[in-house]
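One structure below.
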Amino acid sequence: MTSLLVNHRVDLKDCSIFYEQGGVNSSSTALLFLHGWGISTEPYHEILELLAQQHSLIAPDLPSFARSPYPQVIPDYESYAKFILSFLEVLNIKQVHVVGHSLGGGIAIVLSNLCPDKVRSLVLVDSTGVPSASIPEIIPRRAIEMTAQISIPKLKLQLVDIPQVFSHNLLFNTGNVIQALLLSLQ
């Protein structure tokens with residue numbers, strides 16, 4: 001099957017953002033997908049392809065993750081959200097439906113708060129940034145969730161894709177992987 005997604009890159013003032021774009025070419029509002037902690041859009045590729053069958057879709061690798069290099073530590077959700085706003089401005093995108101997973105959800109919350117006219121709707125999937133429990137309660141729960149990912153039915157995704165992207169990010173973007181973990185825990 002031919003991919004519905006095309007790889008692109010946008011150069012911002014401080015960094016380059018790699019993204020995948022595709023789907024239904026219409027005047028409808030695009031879906032903006034923000035990935036989770038420690039990885040990139042790559043492990044979500046099958047889901048992104050399914051979404052692109054029905055919707056216009058934009059899925060960036062967050063700055064400093066995978067194919068979007070950024071040499072400095074990104075301190076908070078607001079800084080990530082401002083990168084995403086700059087990214088949308090360069091693409092001349094006026095409004096999006098945002099889907100944020102994990103860390104991407106925390107960024108999506110701040111993005112919708114910073115620029116509510118740009119975010120038409122917001123879907124949070126296992127999102128960070130929503131206070132629900134103390135750190136001592138969250139750490140064991142997240143450890144169980146991450147261990148449960150071993151049961152993902154797609155062996156290649158479970159044993160190759162996610163570990164490969166995570167290992168790359170941990171090796172080459174250590175500071176931001178750790179900082180994003182701390183943001184997630186807070």
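Nothing in this text is a laboratory measurement; each read-out follows from the coordinates by a stated rule. This one's a predicted model, so the numbers in the text were calculated from it and none came from an experiment. Note: ideal-geometry Cβ built from the backbone for every residue, glycine included; neighbour counts use all protein chains shown.
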- Considering amide H positions built from the backbone, and no H for Pro or chain starts, which residues 5 or more places from S56, or on another chain, come under 5 Å of its amide H? V24, L31
- Sorted from fewest to most neighbouring beta carbons within 10 Å, what does the list K13, K94 look like? K13, K94
- Task: Determine the relative contact order of segment 71-125: mean sequence separation of Cα pairs under 8 Å and six or more apart, normalised by residue count, in whole percent.
- Result: 38 percent
